[in-house]
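Every read-out reported here was derived from the displayed coordinates using simple, explicitly stated rules and does not represent laboratory data. Treat the numbers as computed from the prediction; the structure is a model and nothing was measured. In this analysis, Cβ positions are derived from the backbone assuming ideal geometry, glycine residues included, and neighbour counts consider all displayed protein chains.
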Amino acid sequence: MLQIPGLFIMETPNRGKGVFAGLPISEGDSIEVCHIVKIAKAEIPIIHKTRLHDYYFLWGEDLEEAALALGFGSLYNHQLFPNANFFLDLENETIDIVAIRDIEPGEEITINYHGEPGDEGEVWFDVG
């Protein structure tokens, strides 16, 4: 796992834990390269019966598998217009988190769970 210095975890109002910047991050910076634990398609229904349901990413060429991101990867919170994006690197089996705008120290780092900033697809929780 590669991670920029200064990231930290903190409780957020109504969203549980979140990832925050301790130092300035510039647009285009790689924030974290998270190795993954792959979960087979047949095991995904099992995840839905556990707390892991809120922490996995869809994975694979057809997004029919799942993956848990190690490091801070599974703790980034959802936002419609986030300050970071994630990219599935299937070859290296990593999920790469990259800043899509400048991020200030103390600011929460967020991603859109659908993979594209502004994607208003349904999520399984109240986005408030």
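Please compute the Kirkwood hydrodynamic radius of the chain from all pairs of different C-alpha atoms, in Å with one decimal.
Hydrodynamic radius (Kirkwood, Cα pairs) of the chain is 14.9 Å.
Note down the net charge around residue 39, summing +1 for each Lys or Arg and -1 for each Asp or Glu among other residues with Cβ under 12 Å from its Cβ.
So the environment of residue 39 carries a net charge of -1.
So for the chain: antiparallel DSSP bridges make up what percent, rounded to the nearest 5?
95
Starting from the stretch 39-68, pick out the trypsin sites (Lys or Arg not before Pro) whose DSSP state is loop and whose Cβ has at most 16 other Cβ atoms within 10 Å.
The qualifying sites are 49.
For the chain, what is the calculated [θ] at 222 nm in deg cm²/dmol (nearest 500), taking -39500 (n - 2.57) for each run of four or more DSSP H residues and dividing by its residue count?
Mean residue ellipticity, 222 nm, calculated: -500 deg cm²/dmol.
Ranking 102, 62 by Cβ neighbours within 10 Å, fewest first, what do you get?
The order, fewest Cβ neighbours first, is 62, 102.
Could you pull out the GluC sites (Glu not before Pro) across the stretch 1-110 that fall in loop regions by DSSP (anything but H, G, I, E, B) with no more than 10 other Cβ atoms inside 10 Å?
The qualifying sites are 61, 91.
Give me the net charge of residue 74's neighbourhood, meaning all other residues with Cβ under 13 Å from the Cβ of residue 74; Lys, Arg count +1, Asp, Glu -1.
Result for the local shell: 0.
Could you line up 96, 29 from fewest to most neighbouring Cβ atoms inside 10 Å?
29, 96
Under a point-charge model restricted to the Cβ atoms of Lys and Arg (+1) and Asp and Glu (-1), what is the dipole moment magnitude of the chain relative to its Cα centre, in debye to the nearest 20?
560
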